[in-house]
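A.B. asks: The structure is given below, and queries will be raised subsequently.
The values are calculated or read from the model by the stated rules, or taken from the named source; none is laboratory data. Fair warning: this is a prediction, and the values are worked out from it, not measured in the lab. For neighbour counting, all protein chains shown are included, and Cβ atoms are generated from backbone atoms with ideal geometry for every residue, glycine included. Accessible surface is based on the protein model in full, side chains and every heavy atom, while ligands, DNA and RNA are left aside. Shrake-Rupley method; radii C 1.70, N 1.55, O 1.52, S 1.80 Å.
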Amino acid sequence: MSGRATTLADFTARLPDGSEQDLSAYAGRPVLVVNTASKCGFTPQYAGLQQLWEDYRDDGLVVLGFPCDQFAHQEPGTDEQIGAFCEREYGVDFLLFSKIDVNGKQAHPLYRWLKSQKSGLLGGRITWNFTKFLVARDGTVAARFGPNRRPEDLREAVEGALRG
């Protein structure tokens, strides 16, 4: 190891088609990383996430959704079912990955890193669906937002990351 700090670019994640996406593809761009669920009280946040994506993608913003079934079994579907639901109900066309764990022994390495960089109100654990991490252009975690923070309330933070 070179002593260089870990960044988003050091991770990969599985896409619904089974291929691995190298997150270094987003180096130099602000990235909003969100653990999602289709049967949650916060599910309508998909619309707000899609709107952020549409409003700021030409400026460089990337939105990455990570479906997770660790909270009250609110994401029971297959990757294909999740993608179809999100597209049909919310017009989602930002990148959705394969379902992952965000807590526990099987937590995805990306989420272990995100939580180590910005802990929440109850420590490092993700407490519910739609926890959001804003990653700066340099690949470091700039902010963490709880599930109650609606995507439309993140515009100022996103604009700051785009300027940064």
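A.B. asks: Go through segment 63-96 and report how many residues are of a type in the set (A, V, I, L, M, F, W, C) and either in contact with a Leu (Cβ under 7 Å, 6 or more places away or on another chain) or at pLDDT below 95 (or both).
C.D. replies: Pass one, segment 63-96, residues of a type in the set (A, V, I, L, M, F, W, C): 63-64, 66, 68, 71-72, 82, 84-86, 92, 94-96.
Filter again for either in contact with a Leu (Cβ under 7 Å, 6 or more places away or on another chain) or at pLDDT below 95 (or both), leaving 63-64, 82, 86, 94-95.
Total meeting the criteria: 6.
A.B. asks: So, of the residues in segment 2-37 that are without any contact (Cβ under 8 Å) to a residue 24 or more places away in the chain and among the hydroxyl-bearing types (Ser, Thr, Tyr), which turns out to be surrounded by the most Cβ atoms within 10 Å (Cβ to Cβ)?
C.D. replies: Thr12
A.B. asks: I'm trying to understand the selection: among the residues of segment 62-95, which are in contact with an Asp or Glu (Cβ under 8 Å, 6 or more places away or on another chain) and not polar (S, T, N, Q)? Outline the logic, then answer.
C.D. replies: Within segment 62-95, the subset in contact with an Asp or Glu (Cβ under 8 Å, 6 or more places away or on another chain) is 67-70, 75-76, 82, 87, 93.
The answer is Pro67, Cys68, Asp69, Glu75, Pro76, Ile82, Glu87, Asp93.
A.B. asks: Okay, moving on. Would you check if there is a residue in segment 83-92 being in contact with a helix residue (DSSP H, G or I) (Cβ under 8 Å, 6 or more places away or on another chain), of a type in the set (Val, Ile, Thr) and either open to solvent by 30 Å² or more (accessible area, probe 1.4 Å) or not in a strand (DSSP E or B) (or both)?
C.D. replies: First, the residues of segment 83-92 that are in contact with a helix residue (DSSP H, G or I) (Cβ under 8 Å, 6 or more places away or on another chain): 86, 89-92.
Of the ones still in play, those that are also of a type in the set (Val, Ile, Thr) are 92.
With the extra rule that they be either open to solvent by 30 Å² or more (accessible area, probe 1.4 Å) or not in a strand (DSSP E or B) (or both), the set shrinks to 92.
Yes, the conditions are met somewhere in segment 83-92.
A.B. asks: Within segment 54-74, can you find the residues that are among the aliphatic types (A, V, I, L, M) and over 20 Å from Phe94 (Cα atoms)?
C.D. replies: Of the residues in segment 54-74, the ones among the aliphatic types (A, V, I, L, M) are 61-64, 72.
Listed by number, the list holds a single entry, Ala72.
A.B. asks: Quick one: is Thr140 out of contact with any helix residue (DSSP H, G or I) (no Cβ under 8 Å at 6 or more places or on another chain), among the β-branched types (Val, Ile, Thr) and open to solvent by 40 Å² or more (accessible area, probe 1.4 Å)?
C.D. replies: Numbers: out of contact with any helix residue (DSSP H, G or I) (no Cβ under 8 Å at 6 or more places or on another chain): no; among the β-branched types (Val, Ile, Thr): yes; open to solvent by 40 Å² or more (accessible area, probe 1.4 Å): yes.
When the stated conditions are applied, Thr140 does not pass them.
A.B. asks: If you don't mind, there's one more thing I want to ask. Applying the selection to segment 123-155, what residues are assigned to a loop (DSSP other than H, G, I, E, B) and in contact with an Asp or Glu (Cβ under 9 Å, 6 or more places away or on another chain)? If you could, list the steps in order and put the result at the bottom.
C.D. replies: Residues of segment 123-155 assigned to a loop (DSSP other than H, G, I, E, B): 124-131, 136-140, 146-150.
Of everything in segment 123-155, those that are assigned to a loop (DSSP other than H, G, I, E, B) and in contact with an Asp or Glu (Cβ under 9 Å, 6 or more places away or on another chain) turn out to be Asn129, Gly139.
A.B. asks: Do the conditions hold for Ala25, that is, is it modelled with pLDDT of 95 or more and within 25 Å of Arg149 (Cβ to Cβ)?
C.D. replies: No, not satisfied.
A.B. asks: Just to be sure I understand the filter: pairs with C-beta atoms under 7 Å, separated by 6 or more residues or on different chains, first member in segment 99-112 and farther than 15 Å from Thr127 by Cα, second member of a type in the set (Asp, Glu) and modelled with pLDDT of 95 or more. Which pairs pass?
C.D. replies: Taking only residues 6 or more apart or on different chains, the pairs are Lys99/Asp69; Lys99/Glu75; Lys99/Asp79; His108/Asp101.
Each row is one residue, and each column tells you yes or no for (1) within 15 Å of Leu64 (Cβ to Cβ); (2) modelled with pLDDT under 95.
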position	(1), (2)
Ala107	no, no
Tyr111	yes, no
Ser116	no, yes
Gly120	no, yes
Trp128	no, no
Gly139	yes, no
Ala142	yes, no
Arg155	no, no
